[in-house]
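Engineer: One structure, pasted below without further comment.
Every read-out reported here was derived from the displayed coordinates using simple, explicitly stated rules and does not represent laboratory data. Owing to the predicted nature of the structure, the values given are computational and were not obtained by experimental measurement. Methodologically, a virtual Cβ is constructed for each residue, glycine included, from the backbone with ideal geometry; neighbour enumeration extends over all protein chains shown.
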Amino acid sequence: MDKQKERRNFNGHLVLVPCPLEGHMNPMLHLAKLLHSKGFLITIICTHLNPSPNPSHYPEFSFEFLDGISPAELGYDSFGGDVMLYLLVLNNKCKTPFRKCLLKLQKNVGSFGPVSCVVYDAVMYFSAVIADEVEIPRIVLRTSSATTFLALSLDLNQRDLTDQEHHPEQSLSEFPLLRAKDMPVFNMSDEKAAEEVLTRIHYGTSTASAVIWNSLHCLEQEMFNKAQERIVSPIYPICPSLHYNNKQKNSSFKSSYTEDESCISWLDTQTPNSVIYVSIGSIVRIAKSELLEMAWGLANSDQPFLWVVRPGLVDGSNGLELLPNGFMEITRKWGKVVQWAPQKRVLAHKSVGGFWTHNGWNSSIESVYEGVPMICWPRIGDQRVNARIVGHVWKVGIEMEENLERWKVESAIRRLMESEEGVEIRKTAVELKEKVRVSLGKGGSSWEFLGKLVDFIKFL
Ligand code: UDX
């Protein structure tokens with residue numbers, strides 16, 4: 001339908017602001033598709049940083065690119081893995097061009113009419129400042145768990161990092177689910193910068209007209225009840241990224257990495273449930289010594305594996321050149337190493353029987369969606385909280401100690417893939433998958449919340 005005709009029947013014009021990080025782009029683009037299917041006109045405001053949406057894949061949306069955000073200056077890799085500093089600089093840089101862009105749209109220059117509401121990724125908090133200034137209602141999308149929101153809401157005493165060091169196993173009195181060692185941590189060169197970013201994200205969330213979550217009610221019911229005690233506005237756990245999960249290629253946005261399709265044909269040659277898939281996401285960096293322990297642990301486990309060693313996984317290297325001498329030859333018969341995988345399709349493949357993950361929120365819920373049990377090796381940010389949910393609440397994964405040694409890798413893999421305990425965990429993972437599919441199916445909680453969100457936006 002052409003955009004003018006479509007405009008006659010529309011429910012409103014929404015401006016969506018995604019964050020240019022792999023784990024954030026997918027949920028926002030999927031939310032855009034869901035909202036468009038419910039009769040909203042969509043403008044995506046983004047940058048030329050990777051990942052960025054591929055406009056040719058979304059002829060139904062309008063796109064605006066912010067001026068003056070250069071990949072050379074603002075690419076994530078320039079920040080040495082310090083995600084907080086990256087977010088601080090990105091937010092400062094985007095504010096002025098975003099104001100210009102929103103004012104232009106608001107004056108009805110675009111074909112979609114004035115803007116009804118700004119829907120932004122919580123970490124792009126500049127959007128909240130400008131939307132308030134221009135007096136447009138705003139809704140926030142949280143791409144991490146409700147449990148993480150609650151963990152980050154604890155007061156500073158509760159977040160005291162010394163506890164993580166001295167009493168790591170101690171449960172937090174305000175939040176007994178989490179032990180001191182499960183609290184979010186960030187690689188940060190500047191503590192004040194990190195505090196500013198977290199405070200602004202939190203302020204944006206607690207003052208938004210509504211909060212959409214990339215999570216499901218059935219996954220975090222109790223936490224959503226608790227979060228609702230802290231957030232006055234309505235909460236909508238819709239989990240957009242699982243609505244259009246897998247099968248299709250991930251080419252709807254320009255990723256910083258190229259998917260290696262050969263993993264799928266390699267998986268086709270393996271026995272059902274036999275392969276352990278290993279990936280630690282897009283932003284975590286590890287030491288060379290950890291890469292070596294991973295490699296020998298995988299080699300010694302004798303279990304078929306598919307391992308993503310992405311460029312930059314070890315700072316300043318493309319990863320592959322650091323693999324131990326002879327590793328590729330020794331493991332050629334039962335292992336495959338790639339630089340980036342079509343993860344959703346990998347997890348959906350019948351040969352995959354386990355996922356050794358860093359527990360980024362997307363990886364955790366993608367694994368749950370496919371009923372794949374996990375080995376949890378969280379590193380930074382929300383990943384420790386997610387690992388706790390996976391192991392302790394959902395009971396679909398086992399914990400691996402942070403301090404990596406090859407024998408620990410080998411024993412974790414055997415525990416998950418070969419033991420009685422592993423069989424039990426796999427059974428629970430399949431049961432949880434069914435619950436998740438029900439939530440996402442027609443009449444499920446996710447669709448109910450989407451319907452309520454649509455009504456809410458119409459009457460804003
Ligand atoms: C970051 C944080 O680490 C994470 O904790 C937070 O919740 C979101 O932002 P990231 O580390 O990239 O994300 O992890 P994750 O959330 O798991 O997202 C990674 C995404 O990249 C997933 O959607 C996954 O499917 C995709 N991916 C990963 C691939 O498509 N191919 C790969 O080889 C690896």
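Engineer: How would you rank 182, 132, going from fewest to most other Cβ atoms within 10 Å of each one's own Cβ?
Structural biologist: 132, 182
Engineer: Relative contact order for the stretch 260-418: what percent, with Cα pairs under 8 Å and sequence separation of 6 or more?
Structural biologist: 29
Engineer: Let me ask something else. Most exposed first by the Cβ proxy, i.e. fewest other Cβ within 10 Å, how do 384, 285 rank? Kindly include the intermediate steps, with their values, before the conclusion.
Structural biologist: Numbers: 384 24, 285 17.
With the sparsest Cβ surroundings first, the list reads 285, 384.
Engineer: Per residue of the chain, what 222 nm ellipticity follows from adding -39500 (n - 2.57) for every DSSP H run with n ≥ 4, rounded to the nearest 500?
Structural biologist: -13000 deg cm²/dmol
Engineer: In percent, how large is the relative contact order of the chain, given Cα pairs closer than 8 Å and 6 or more residues apart?
Structural biologist: On the way: 842 pairs, mean separation 68.8, N = 460.
Relative contact order, the chain: 15 percent.
Engineer: Right, something else. Report the net charge of residues surrounding residue 340, where surrounding means a beta-carbon distance below 11 angstrom and charges are Lys +1, Arg +1, Asp -1, Glu -1.
Structural biologist: Net local charge, residue 340 excluded: -3.
Engineer: Report for the chain the percent antiparallel among DSSP-assigned beta bridges with both residues inside it, nearest 5.
Structural biologist: 10
Engineer: So, counting K/R as plus one and D/E as minus one, what does the shell of residues with Cβ under 14 Å around residue 100 add up to?
Structural biologist: It works out to a net charge of +2.
Engineer: Sort 350-358, 133-141, 272-280 by packing, meaning the average of other beta carbons within 10 Å per residue, with the highest value first.
Structural biologist: 350-358, 272-280, 133-141
Engineer: Quick one: check the C-alpha center-to-center distance for the stretch 269-296 versus the stretch 174-234, whole angstrom.
Structural biologist: When both Cα centres are located, 29 Å separates them.
Engineer: Listed highest first by mean packing, meaning other Cβ atoms within 10 Å per residue, what order do 424-437, 313-326 come in?
Structural biologist: Ranking, from highest mean packing down: 424-437, 313-326.
Engineer: For each of 90, 198, count neighbouring Cβ atoms within 10 Å of the residue's Cβ, then give the residues from fewest to most. Please list the in-between numbers first.
Structural biologist: Values: 90 23, 198 18.
Listed from fewest to most nearby Cβ atoms, that is 198, 90.
Engineer: What's the magnitude of the charge dipole for the chain around its Cα centre, counting Lys and Arg as +1 and Asp and Glu as -1 at the beta-carbon? Answer in Debye, nearest 20.
Structural biologist: On the way: 49 positive and 53 negative charges, 361 e Å.
My answer is approximately 1740 debye.
Engineer: Filter 226/458; 254/336; 181/433; 350/427; 181/408; 350/395 down to the pairs with a C-alpha to C-alpha distance above 23 Å, please.
Structural biologist: Beyond 23 Å: 226/458; 254/336; 181/433.
Engineer: Can you compute the FRET efficiency between residue 411 and residue 244 using 1/(1 + (r/R0)^6), with r the Cβ-Cβ distance and R0 = 35 Å? Round to the nearest 0.05. Could the numbers behind the result be given before it?
Structural biologist: Details: r = 37 Å, r/R0 = 1.06.
After rounding to 0.05, the efficiency reads 0.40.
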